[in-house]
1. When the Kirkwood radius is taken over all Cα pairs of the stretch 314-396, what Stokes-Einstein diffusion coefficient follows at 10 °C and 1.306 mPa s, in µm²/s?
2. Just to verify a number: what accessible area does Trp216 come out at with the full protein assembly present, 1.4 Å probe, Å² rounded to tens?
3. Rounded to the nearest whole Å², what accessible area per residue is found for the stretch 176-349 with the 1.4 Å probe?
4. Suppose we keep just the DSSP beta bridges with both residues in the stretch 176-349; what percent of those would be antiparallel, to 5?
5. Would you mind pulling out the separation of the Cα centroids of the stretch 129-175 and the stretch 363-386, in Å?
6. Over all directions, average the projected area of the Cα convex hull of the stretch 176-349 and note it in nm².
7. Pop out the carbon and sulfur fraction of the accessible area of the stretch 176-349 as a percent, whole number, probe 1.4 Å.
8. So what does the Cα-only Debye profile of the stretch 320-361 read at q = 0.32 Å⁻¹, as log10 I(q)/I(0), no solvent term?
Amino acid sequence: MNLPTHVSREVAERVPQPGFDAVVDRAQHARRRRRTTIASGLAVAVVVAGVGFAVGRPGGGDDQRPEPARPGPSTPWDGTPEVDSRLPATVQSFLRGARLQPWSFAGSDTGAAVVWGSCAGDGPCTYALTVRDGDEVAGRLLEASAPTLTAVPGGWIYEDVDEVSLLTPSGTFEPVVDTGSGSTDVEPGDTAVRTRAGWRILRGTKLIGLPGAGTWQPSSAYVTPGGRLVLAPGVAGPRRVVVSDGDLQWEMTHVADPGADSTGTGLLAGNGDHLAYVLLGDDPDGSVTGLHVALSSDAGDTWTTSEGMERSVYQDVSGLAMSRQGTAYLVTGSHGLVRIDADGNEVGTPMSPHDMGVLTSGDEVCVVAGAGAVDELRCSSDDGTTWAPRPLPGFG
């Protein structure tokens, strides 16, 4: 039985809201637990601030360097989840093992990257990385404790407990330095990145402090191509979205819950000037519930509130992405994938019994779907009208 929306909101106002990390990790861990008998979830994140990272080869010694990218197959995938024979033998062996899960995944302009995890009982998990960029692939084993991937222009930010690197589409790692210092402004070309040290701005190969982070304590952030900083504050007060066009002059452009004087966890996703905002709360049963959905097509100046399905039924929200056309895709444990167009119309379009996440890759939107022994992608190149299966990097 689902609680009415107003009850969920009242509960959310009384209960301290979880942080962004807790929200996503809890929902994804619950999804994995339902699908397999894996006993251990994501490792506890260790916060490391104010230090420089220079990591050239996460994963260990020289024998673990990724092999050069190799050309892809010339025929379409037939749906059979076979390990990609172009990967190094050690990675192929890992992907044929038991209890395999896509632990972290993210898209790019031309492809995708996956950290695969395997956990046996209460013992430590082991990991492998696979990358597919167009028709080329690369992979390696990882010596890691809690590896994550975040999409950024030109590749992905790879992070482990004490490592931060830029992962390129060819599967190589480049050093990234976290300066630990703040910034007075953002610039066109900057990217907001969530790290264990908090939200940062990626500028070239440097991570710098997020402007306004100390004031707003953001639970989510996004930088538009024009250099506008959009934040979902985590401080007490109305659950809202604020924007800054420079000199830290803030404007509140959307209020999710007028009059509510409490903290809230907000998720932001963007693609160009298209933005999506989801307000999250705690249900009494411990699930993470989507309480409010809003979209903007003008870099956050104006917002359209979704008035579709009851938000109280959106339990275990674990993913949010925005297409280039301005359509939001929300992944939930209760309804799978939910498609929300620019007018705020919501349609439940589950791709599998256990949709796990969503990513964008160029003009495509792809859902990570539970599909038997090995999870796969369901991708759409026409903004959710039609979908086709595709293997995750590592399989073909």
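1. On the way: Rh = 12.6 Å.
The calculation lands on 126 µm²/s.
2. 40
3. On the way: 5970 Å² over 174 residues.
Ligands and nucleic acids excluded, the figure is 34 Å² per residue.
4. Details: 51 of 53 bridges.
DSSP beta bridges in the stretch 176-349 are roughly 95 percent antiparallel.
5. About 21 Å separates the Cα centre of the stretch 129-175 from the one of the stretch 363-386.
6. Working: hull surface 39.2 nm².
Over every viewing direction, the Cα hull of the stretch 176-349 projects on average to 9.8 nm².
7. Details: 2710 of 5970 Å².
In the stretch 176-349, the share of accessible area belonging to carbon and sulfur is 45 percent.
8. -1.14
The values are calculated or read from the model by the stated rules, or taken from the named source; none is laboratory data. All values reported here derive from a predicted model rather than from experimental measurement. Methodologically, a virtual Cβ is constructed for each residue, glycine included, from the backbone with ideal geometry; neighbour enumeration extends over all protein chains shown. SASA here: full protein model, heavy atoms, side chains in, ligands and nucleic acids out. Shrake-Rupley method; radii C 1.70, N 1.55, O 1.52, S 1.80 Å.
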